Amino acid sequence: MNKIRIWKAIGRGVLLESVRRKDLWVIAILGMIIILAASMLGFFGVRGLEVFVKDLAVTVLGIFSTIVAILTSSRLLPDEIRNRTLYPLLARPITRMDLLLGKFFGAVAATWIGFLMLAALTAVALLIFHVQFEWVMIQYMVLKMMGLVVLCAVTLTLSAYMTPQAAATMSFVLAFGSVMFEQGLLMAGNSAGKGMRPIFATVSDILPQYHLFDEGSRAANIGWGSAPIWVVLALGTYMIFYSGAMISMAWSKFRKQAI
Amino acid sequence: MSTAILAEQLHVRYKAKNGKWVEAVQGLTFNVEAGEVVGFLGPNGAGKSSTLKALMGFVEPSGGNCQIFGEPAGSLASRARIGYLPEVALYYPFLTPRETLTLYGELQGLHGKALKTEAETLLEVVGLKDAMNKRNRSLSKGMLQRVGIAQSLLGNPELLILDEVTSGLDPVGRKELRHILKDRQQAGCTLFFSSHELSEVEMLCDRIVLINNGKFVEERQISDLKQELRQFSVRYKGEVSLFDLTDHWQQVGENIYEAVFTSKEQLLVALDRVHDEKAKLLDVVAQEGSLEDYFVEAIARAA
């Protein structure tokens, strides 16, 4: 049977759930309220706010898209098992890997749509306040969307091993603490003895490098310019391999799991 | 005739919350031939659902062998030929019955106009024509069970495995379900289902497989069982002893006696004797035996 058709059918279910549960709308409305409220400062004669408004916009985009990615991905598998909606799905001639990939693609699609929706609203807000558009914004969006793929894979995998609440909490810590962990491990590695350095390096490699996909500072600051293309390609490769490894881990737990 | 389901020395076990292993199914062996309608009976906790889950590949058997049409149970090839109704039918609350069937149909390999037509036809067959565009969350338990039945029929499966098929259905729904299942059987579909509604089992099945505590108890042809359970009672007035023909002979009034026989042959001998002894025959009643009594007795014997 056509695998793409299977993944599409399962993914569409995830997307429909996100839309009908109104998760995306709540995020979009909240995001817009924050951006518009901040942008109002412009009306009161405060000048030189371009960097501030752009910085705020990318921060809101980053936070809310991370929330959507984690909340959508963390409940997919546990909810299927708890609500017993898994039975009629797995009674069909599909593999558990098909189900996992369908859910993953659905989560990515829902997250991307949420992100693009917010990005579109942000773009309108920036235009209204005459903030200059730069191509680095496009690169920021592409990289952010790639990072969201990694985040969805991490959260889905964690949810295969723990409760959705624990998976969501862990994912939030990993996503928002990504820079902190990396710097901490780097410092610990530098100050540790030669024997311990590979351990810190390995831990650093294992943790998701979510912060690498955040080009918010480049996008917000005028004249910083975009990152070279090889960086984007390297991050794309990282996204494919890291997400692949994560989904494989989820599958190794889920493939024989009694339901 | 080919074998639709074959379970040989099947063992299924679960890890309980206290960390101990629970043997839900212990060395169960049975088979279902293609085209048969077989009821799978047992008290609560007997291991029926665990067996059905093993047949579907939802749990890995801890021992033994399970095959569907010669393919390993749980394989894609076996699942492509099965329609399955889970014990507790829960479907995505945010979808409508039509969307639910479309989703499962696509996973079954159906698509396009053929899928749309089949989904609508099945929803009409199960009596959900007017509710096919309402969200599942607004449907009653019985209506959700109908959605479940409709999804199990998608793709015209060769084998239907139905867990507690009549659960949540009202008498009208049960009657409609009987018609649907009989139609499927006439079309050559094999039916294997568990149910606590013994009257449904009696009306639908060719054979029953009885289990208790995860173990096989017995299997019986429904026709044989019905014959075995049939009783004949004779009531007459006169001094005629039938004590040598049955244990169930008693005086029920002044010079009035009643005797109960389990075979027609005994009944005929008794009637001859009553006639020869010039006693007055008051009544002869043929009673169909109760499957419920058989079930209770068989489980008690096996316990």
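None of the figures in this text is laboratory data; all of them are computed from the coordinates on show. Please read all numbers here as calculations on a predicted model, not as lab measurements. Cβ atoms come from the backbone with ideal geometry, glycine included; neighbour counts cover every protein chain shown.
Applying 1/(1 + (r/R0)^6) with r as the Cβ-Cβ distance of B:Thr3 and A:Ala123 and R0 = 56 angstrom yields a FRET efficiency of 0.30. When the helices of chain B are scored as -39500 (n - 2.57) per DSSP H run of n ≥ 4 and the total is divided over every residue, the value at 222 nm lands at -10500 deg cm²/dmol.
Annotation: amide H of B:Gly27 within the under-5 Å range of B:Leu10, B:His11, B:Val12, sequence separation 5 or more or interchain, hydrogens built in the peptide plane.
Across peptide B:107-114, how many C-beta atoms of other chains are within 10 Å of each residue C-beta, on average?
Neighbouring Cβ atoms belonging to other protein chains average 4 per residue here.
For B:Val22, the residues whose amide H sits under 5 Å from its own are B:Tyr14, B:Lys15, B:Ala16, ignoring neighbours fewer than 5 places away on the same chain, with H placed 1.01 Å from N. Calculated mean residue ellipticity, 222 nm, chain A: -26000 deg cm²/dmol, from DSSP H runs (n ≥ 4) at -39500 (n - 2.57) each, averaged per residue and rounded to 500.
Quick one: work out the % antiparallel among DSSP beta bridges in the protein assembly as shown, nearest 5. Here the share of antiparallel DSSP bridges comes out near 70 percent.
Ignoring the sites themselves, chain B has its longest run without GluC sites (Glu not before Pro) in a DSSP loop having at most 13 other Cβ atoms within 10 Å at B:1-238. Taking B:Ile68, B:Ile256, B:Ile180 as the candidate residues, the one with maximal mean-square fluctuation in a Gaussian network model of chain B, Cα springs under 10 Å, is B:Ile256. Largest GNM mean-square fluctuation across A:Met162, A:Met187, A:Met146, computed for chain A with C-alpha springs under 10 Å, falls on A:Met187.
Neighbouring Cβ atoms from other chains, within 10 Å of the Cβ of residues in A:77-90, number 5 on average. The calculated FRET efficiency for the pair A:Thr169 and A:Ile138, based on their C-beta separation and a Förster distance of 45 Å, comes to about 0.85. Site pair A:Gln183 and B:Arg135 shows an inter-label distance of 4.4 nm when each label is modelled 7 Å from Cα along Cα→Cβ.
Here A:Lys22 is the anchor, and the lysines within straight C-alpha reach of less than 20 Å, apart from those fewer than 8 places off in the same chain, are A:Lys103, B:Lys134. Rounded to the nearest 0.05, the FRET efficiency derived from the C-beta distance between B:Gln287 and B:Leu76 at R0 = 60 Å is 0.75. Here's how it looks for B:Thr190: its modeled amide H is under 5 Å from those of B:Gly35, B:Leu159, B:Leu160, which are all 5 or more places away or on a different chain. In the range A:106-207, which chymotrypsin sites (Phe, Trp or Tyr not before Pro) are in a loop and have at most 14 other Cβ atoms within 10 Å, using DSSP for the loop call? Of the chymotrypsin sites (Phe, Trp or Tyr not before Pro), the ones in loops of the range A:106-207 whose Cβ has at most 14 other Cβ atoms within 10 Å are A:Phe133, A:Trp135. A simple rule links phi to the HN-Hα coupling: the Karplus curve 6.51 cos²θ - 1.76 cosθ + 1.60 with θ = phi - 60°, which for the range A:143-158 gives 5, 4, 5, 5, x, 5, 4, 4, 5, 4, 5, 4, 5, 4, 5, 4 Hz, with x for Gly and Pro. Counts of other chain beta carbons within 10 angstrom of each beta carbon in peptide B:76-85 average 3. When every Cα-Cα distance of the protein assembly as shown is counted in 20 angstrom steps from zero, the calculated P(r) takes the values 17, 38, 26, 12, 5, 2, 0 percent. 3J(HN,Hα) along the range A:84-100, derived from phi through the Karplus expression 6.51 cos²θ - 1.76 cosθ + 1.60 where θ = phi - 60°, amounts to 6, 7, 6, 4, x, 6, 7, 6, 7, x, 10, 8, 5, 5, 4, 4, 4 Hz, with x in place of Gly and Pro. Can you give the angle from 0 to 90° between the axis of helix A:23-39 and the longest principal axis of chain A, with both taken from C-alpha atoms, to the nearest 10? That helix lies at roughly 10 degrees to the long axis. Karplus-derived 3J(HN,Hα) values for the range A:60-74, using 6.51 cos²θ - 1.76 cosθ + 1.60 with θ = phi - 60°, are 4, 4, x, 5, 5, 5, 5, 4, 4, 4, 6, 5, 6, 6, 5 Hz; glycine and proline are entered as x.
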